[in-house]
1. Which log10 I(q)/I(0) values, to two decimals, does the protein assembly as shown give at q = 0.08 Å⁻¹ under the Debye formula with one point per Cα?
2. Count the DSSP beta bridges whose two residues both fall in chain B, then state the antiparallel fraction as a percent rounded to the nearest 5.
3. Taking all protein chains as present, what is the carbon and sulfur share of the accessible area of the range A:102-174, in % to the nearest whole number, probe 1.4 Å?
4. Report, as an integer, the average count of C-beta atoms from other chains found within 10 Å of each Cβ along B:209-220.
5. Could you please state, rounded to a whole Å, how far the C-alpha centre of the range B:212-229 is from the C-alpha centre of the range C:331-375?
6. Any idea what the dipole of the range C:1-108 comes to, in debye rounded to 20, about its Cα centre with Lys/Arg Cβ at +1 and Asp/Glu Cβ at -1?
7. With r defined as the distance between the Cβ atoms of C:Glu140 and B:His132 and R0 fixed at 35 Å, what FRET efficiency is calculated, to the nearest 0.05?
8. Mind giving me the nanometre distance, one decimal, between the label points for A:Ile36 and A:Asp138, set 7 Å out from Cα along Cα→Cβ?
Amino acid sequence: MVEQVTQTAFMQENAILDLIDGMASQLKRQLQQNGISEAAMIGIHTGGVWIAEKLHEKLQLAEPLGTLNISFYRDDFSRIGINPKVHPSNIPFEVEDKHIILVDDVLQTGRTIRAAMNEIFDFGRPASIIYATLIEKDGRELPIQASVVGLKPMLKQNDYLTLKGPSPLSLVIGRKLSGGDSEA
Amino acid sequence: MMYRDHQLTEDGKLKHFLSIEGLNKTLLTEILDLAESFTSLADHGRAVKKVPLLRGKTITNLFFENSTRTRTTFELAAKRLSADVLNLNISTSATSKGESLLDTLRNLEAMHCDMFVVRHASSGAAHFIANHCAPHISVINAGDGSHSHPTQAMLDMLTIRQHKSDFTPLRVAIVGDILHSRVARSQILALNTLGVTEVRVIAPRTLLPYDARSLGVHVFTDLHEGIEDVDVIIMLRLQKERMTGALLPSEHEYFNLYGLTEDKLHLAKPDVIVMHPGPINRGVEMDSAVADGKHSVILEQVSNGIAIRMAVMSICLGSRPEHQRREETA
Amino acid sequence: MSSTNQSISIINGRLIDPANQIDDMLDLHISQGHILAIGEKPSGFEAEKLIDATGRIICPGLIDLSARLREPGFEPKGTIASETRAAAYSGITTLVTLPDTNPVIDTPAVMELIRRRAKQSAHARVLCLGALTKNLNGKELSEMAALQNAGCVAVTNAGKPLGNTLIERRALEYASTFGIKVFIKPEDRHLRNDGCVHEGIISSRLGLPGYPEAAETVAVARDIALAEATGAHIHFQCISTAKSVNKINRACHDGINLTVDVAAHQLHLTEMDADDFNTLCHVDPPFRTLRDREALRQAVATGSIQAICSDHQPHEPDAKDHPFPDSETGISALETLLPLTLKLVDEKVLDLPTAIARLTIGPATIANLPFGRLDQGRTADVCIFDPDSHWQLNANEMISHGRNTPFANWEFRGKVTQTLFEGRITYDLDTQHERQ
């Protein structure tokens, strides 16, 4: 459990929606570049789902939005146990051979995406995965990269960003007491 | 209270699951919530119906009492969590040759196991094993004598919650051999902890424990009176030995007096649900019309059983404090 | 090291001898293993050894009517040497042991073996209860007359069932032919079924097989009726229920010859103590309810129960290391016999002289023994204890081979400082001296 000593507002909803607009444009370009005509979207609970809902609408995707809860795929189960309140994952389309857009709110260590990809592959074999994140931070611990990034803010090492929502959306900075478990 | 000290770590996390006794409503609700999320694993188009949560862990089924049904659900639960499973039917091996329970345990510990799922004919056996096994091992009670069968009680609670959402206003009747039933004892504890309005037991005097009221129930010996206006009826299985032990004259008379039929069901609430831990003795505890009827939720109990066991295994194996962990992978 | 011939004076102590209704500051003088004088020392007598009993109580050496020494046959649990040593440490000078050894005490030969062993270690007197039936099989009578001749105190079937009531009647009649008392642990084994805790709220909650009150009271009623019919003298051992005490009282009132004892642990613990599946509380008969305990205490205070015994049953650690119903019953109880009895005095259940009576003249009268009293000329079995010494029972430091006691870490007030057996000091706290 990470102790937040201070929480300061970083960005309000209007600015976040602007970022999401930018992400949508980037995604459209990316899909075109890769020659993908049809893609399905999966958001990662909880913040990634809020972002994905907005993106899904903007991109007018045919398939309904999938949601992923990576709790059962985390690599830190032995250390921190399990959170009982788990919204189950729900992928209402066939994953096999699909082009997937995977959406999350914050990318830092890359462990969440590692878990998410493992879980997606338990549903089927996708044709490709494009990863879009609202916020990218330094501090990668695994070789993971995002194709689409909303913002890469300058932050101090012990600061971390949390997306609050679903309505209104806002980003807040917290400062850790000491180096704790890494988040995203 | 002993059970609370036994089952929980210093920071109140569930390490062993031995008995409902000593666990509070929050913890029980957590188990139900987690199990609920595991029930969805069976659907939603998963090609692989497993999650890697307990990958690398070894779970040993230590069944001193035979039970294919329960053992299979525990095995399925463990495998759905990607754990490795060892099955040991001790009734056919070592201890029948005279090896003491403790020696059996020591030998097993040498095999680097993370969890024992134990079923034993003696009340208190699961506590005994939890007391004596190596500190990093979690123990789940799959039934000890007439004392406790906590996972069964929890799957019953999950089933009730799926149909009734709120426990508070419920009246629940448990019918049958309460005296010998570890299932009933655990159910009574769970229902009372979750805050139901009333728990009733219904049985002839020979099948009631001494001063049954002290368990926190209202006692009935007449089925008609007992199921009046109830929301849930749980029928317990009647063992054949009860006839030879001079506790009951015949299954026939038992069915007449305590067996559930459609017309008797009218006495309960119109949306009453009928439950049974299985396997059902048709024509003894209930007739086929009830077993297969619209009030029966018996089949759901079975699938909930796997989800509950997955939940309990996950919680227990995720609860160990730092200094008790075995070698972790980097 | 003290020899039989050493003359001893015990001075400055408070002498309590209930048999003679003495409770006074009196000295005790011992010579040639016998009591020479009480009070003033005889003129010309100079003791070779002086024991200063300032602040201490001097009383007769304690008599324990039920102590299993495990030898012959069950030596991993204890031996005559180890358990008599524990007895000496605990102020007990006479032990009555039960015949459920291996071989069973159903012949004079086995009695002789035990007598010899006891003499070898010479810590305490060991008397035997002979077997009521051959090999305790409950079917055929043992050679009770021969056992009596060989010195057995009484006969018993050691809690093992008799085949049927006809056999019980005949066994009682035969024993009474020779005036042999029959010690009975009353139990109807069918009603008991496989009960291991009192059939009550604890057994209901824990789902442990219950041992109903009726299993004891039905047996007591049956045995009383047979005693009346046969004229046999019955002593009820280790009684556990209030209802049994009532029945026995009424029968005594009606003139039937009955005596009864209770195990010290039954006067303190109840069914609640087995609540956490603690196998150290797995005893037979089981701990009963608080009401039963109060009735037993009352009966001990008034004398309806004439003696307190230890019901000593030492075990190797494995015996208790099983799930509750599968663990062996019994407590290693010699070392808590006096302490638990003194606790009753602290809790104002009875006064000190009465408490001492239940451990000395009470058991002596039941078993018709010339011990448990400090008359001039009697053998010098003496217990000296410090009634104000506070101490805590440490199971790891117990003298008995058995460490199986639920009283571990209990605090007690009153500790034995010296024990004399036949005029020899068999235990002496002061000089850190114990006879090996």
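1. -0.87
2. 5
3. It is 50 percent, rounded to a whole number.
4. Rounded to a whole number, the mean comes out at 3.
5. Cα centres, the range B:212-229 to the range C:331-375: 49 Å.
6. That gives the range C:1-108 a dipole magnitude of about 220 debye.
7. 0.20
8. Once both label points are built, they end up 3.0 nm from each other.
The values are calculated or read from the model by the stated rules, or taken from the named source; none is laboratory data. None of these values were measured; they are calculated from a predicted model. Neighbour counts are summed over all protein chains in view; Cβ atoms, including those assigned to glycine, are modelled from backbone coordinates with ideal geometry. For the accessible areas, the whole protein counts, side chains as well, though only heavy atoms, and no ligand, DNA or RNA atoms are used. Shrake-Rupley method; radii C 1.70, N 1.55, O 1.52, S 1.80 Å.
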